[in-house]
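As C-alpha cells, the structure follows; a few thoughts come after it.
We did not get these values from a lab; they are worked out from the coordinates using the rules stated. In this text, all values refer to a predicted model and were calculated from it rather than measured experimentally. Don't worry about glycine lacking a Cβ; one is built from the backbone with ideal geometry, like all the others, and counts go over all protein chains shown.
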Amino acid sequence: MWNQTSLDRLRAEFLEMPGLRLTMDQVHRLCGIDTPACSELLDELVHEQFLCIKPDGQYARLSDGRVPSES
C-alpha cells in the first residue's frame with residue numbers, strides 16, 4: 001500500500017520537471033514501493049487528473065504542454 005508521502009513525492013517530481021514521462025517500472029524504482037502499491041499510486045494520480053497515461057504506457061502530467069484558454 002502506498003502512503004501520502006509517496007504520493008506527495010511523486011507529484012513533486014512531476015511538478016519540478018515539466019515534460020517528465022515515467023513508466024510504471026521507473027516510478028517503482030524511484031519511490032521504492034512494490035509493484036501493486038505503485039500501480040495504486042499512479043491510478044490515484046490519474047483519478048485526480050494530475051497524471052495521464054500516454055499511448056506508449058508512460059505517465060505524464062495531464063497539464064504538460066497545454067496553454068490555458070482565456071475566457
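Find the relative contact order for segment 4-61 and round it to a whole percent, using C-alpha pairs within less than 8 Å whose residues are 6+ positions apart. Don't jump to the answer; show the numbers that get you there.
Values: 49 pairs, mean separation 23.2, N = 58.
Result for segment 4-61 is 40 percent.
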Radius ratio Rg over Rh of the chain, counting only Cα atoms, Kirkwood formula for Rh: 0.99
- prompt: Summing +1 for each Lys or Arg and -1 for each Asp or Glu, what net charge is found among the other residues whose Cβ lies under 13 Å from the Cβ of CYS38?
  reply: -3
- line: With the charge dipole of segment 4-61 built from beta-carbon charges (+1 for Lys and Arg, -1 for Asp and Glu) about the Cα centre, the Cα from CYS52, LEU41, PRO18 projecting farthest to the positive end belongs to PRO18
message: What are the ³J(HN,Hα) couplings of segment 40-52, residue after residue, when phi is run through the Karplus curve with 6.51, -1.76, 1.60 and θ = phi - 60°? Round to Hz, x for glycine and proline.
response: 5, 4, 5, 4, 5, 5, 5, 4, 6, 6, 8, 10, 9
statement: Between the Cα axis of helix 4-16 and the main Cα principal axis of the chain, the angle (0 to 90°, nearest 10) is 40 degrees
